Amino acid sequence: MIVKAKNLKKFYGKKNPFPALKGISLEIEEGEILAILGPSGCGKTTLLNCLSGLDTPTEGEVLVLGKDITKMKEEEKTKFRAQNMGFIFQFFNLIPVLTAVENVEIPLLVSKTYPVGEVRKKANEWLERLHIEHRAKAYPNEMSGGEQQRVAIARALINNPKIVWADEPTGALDTKNSEEIMNIILEMNKEFGTTFVIVTHDPNVAEKAHRIIRMDSGKIVEEKVLR
């Protein structure tokens, strides 16, 4: 198991705490594509954030690669994420003042896993792999949504992460671009064995995964193995 979560609970607010997660336990296998499906407000993104260490659960533990990230200090957790995880978001989260290639370079600069002189070469290789090399010097506001998401995927994968967390990766895209992005994810999973955890409200996206868990009101209410 690459991820193992036990009895995750998350409350927001102090006076009348709202239970966003209500005791979720979950295991994710290495190389798996897991889709977390459910309506808005059901706790999908909260679960993703707690599993990835972007947020800390109120109760419970999360083991990633055998390490309990809920007990890590913030600096240690940031380094662990940079070395082992990639992130893809609905609205791309590209830095607007950086070009495509500069955005892709960020994880390598943070993790310091490559000499500075090799970082640009590596970033360009990933842009080429995702057929977006011709936009290397473009800024985010000069690119289409599909182009920006390809840049975001290159950024997520450049550090050869063990696991990629994707929060509504096709939510801001039209049908054609959504299909292309999902095909890229499937291709990267097959080629590199990268684990993907995809939060979505779109059943068509979820059906491309290996397994679906359906959430409602902070709980897992259904699990379905597809392949």
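The values are calculated or read from the model by the stated rules, or taken from the named source; none is laboratory data. If you're wondering where the values come from, they're calculated on a predicted model, not measured in any experiment. Please note: Cβ atoms are built from the backbone with ideal geometry, for glycine as well, and neighbour counts cover all protein chains shown. Ligands, DNA and RNA are excluded from the accessible area calculation, which covers all protein heavy atoms including side chains. Shrake-Rupley method; radii C 1.70, N 1.55, O 1.52, S 1.80 Å.
Go through segment 20-43 and report how many residues are within 12 Å of ASP216 (Cα to Cα) and touching a residue at least 12 places away in the same chain (Cβ under 8 Å). Final tally of qualifying residues: 11. Of all residue pairs spaced 6 or more apart or on separate chains, those with beta-carbon atoms under 9 Å, a first member in segment 132-145 that is open to solvent by less than 20 Å² (accessible area, probe 1.4 Å) and a second member that is among the basic types (Lys, Arg) are ILE132/ARG150; MET143/ARG135; MET143/ARG150.
In segment 182-189, the condition of being farther than 17 Å from MET85 by Cα and either modelled with pLDDT of 95 or more or not hydrophobic (A, V, I, L, M, F, W, C) (or both) is met by at least one residue. Within segment 80-96, the set of residues being open to solvent by 80 Å² or more (accessible area, probe 1.4 Å) and over 16 Å from the mean Cα position of the chain (by Cα) comprises PRO96 only. When the residues of segment 97-107 are filtered to those that are surrounded by fewer than 21 Cβ atoms within 10 Å (Cβ to Cβ) and under 20 Å from the mean Cα position of the chain (by Cα), which remaining residue is nearest to ALA156 (Cα to Cα)? My answer is ILE106. Exactly one residue out of LEU21, LEU65 is open to solvent by less than 80 Å² (accessible area, probe 1.4 Å) and closer than 19 Å to ILE212 by Cβ: that is LEU21. On the basis of being among the aromatic types (Phe, Trp, Tyr) and surrounded by 15 or more Cβ atoms within 10 Å (Cβ to Cβ), does PHE192 make the cut? In short, no. Considered as a group, the residues in segment 24-53 that are in contact with a Ser or Thr (Cβ under 7 Å, 6 or more places away or on another chain) and among the acidic types (Asp, Glu) include one that is surrounded by the most Cβ atoms within 10 Å (Cβ to Cβ), and that residue is GLU32. Note on segment 135-173: residues that are hydrophobic (A, V, I, L, M, F, W, C), more than 21 Å from GLU125 (Cα to Cα) and touching a strand residue (DSSP E or B) at 6+ places or on another chain (Cβ under 6 Å) amount to 2. Screening PHE11 on (1) open to solvent by 70 Å² or more (accessible area, probe 1.4 Å); (2) in contact with a Ser or Thr (Cβ under 9 Å, 6 or more places away or on another chain); (3) closer than 15 Å to ILE213 by Cα shows it passes everything except condition (3).
Exactly one residue out of VAL110, VAL116 is among the β-branched types (Val, Ile, Thr), more than 29 Å from VAL205 (Cβ to Cβ), surrounded by fewer than 18 Cβ atoms within 10 Å (Cβ to Cβ) and at pLDDT below 90, and it is VAL116. Scanning segment 192-210 for residues that are part of a strand (DSSP E or B) and out of contact with any Lys or Arg (no Cβ under 7 Å at 6 or more places or on another chain) yields PHE196, VAL197, ILE198, THR200.
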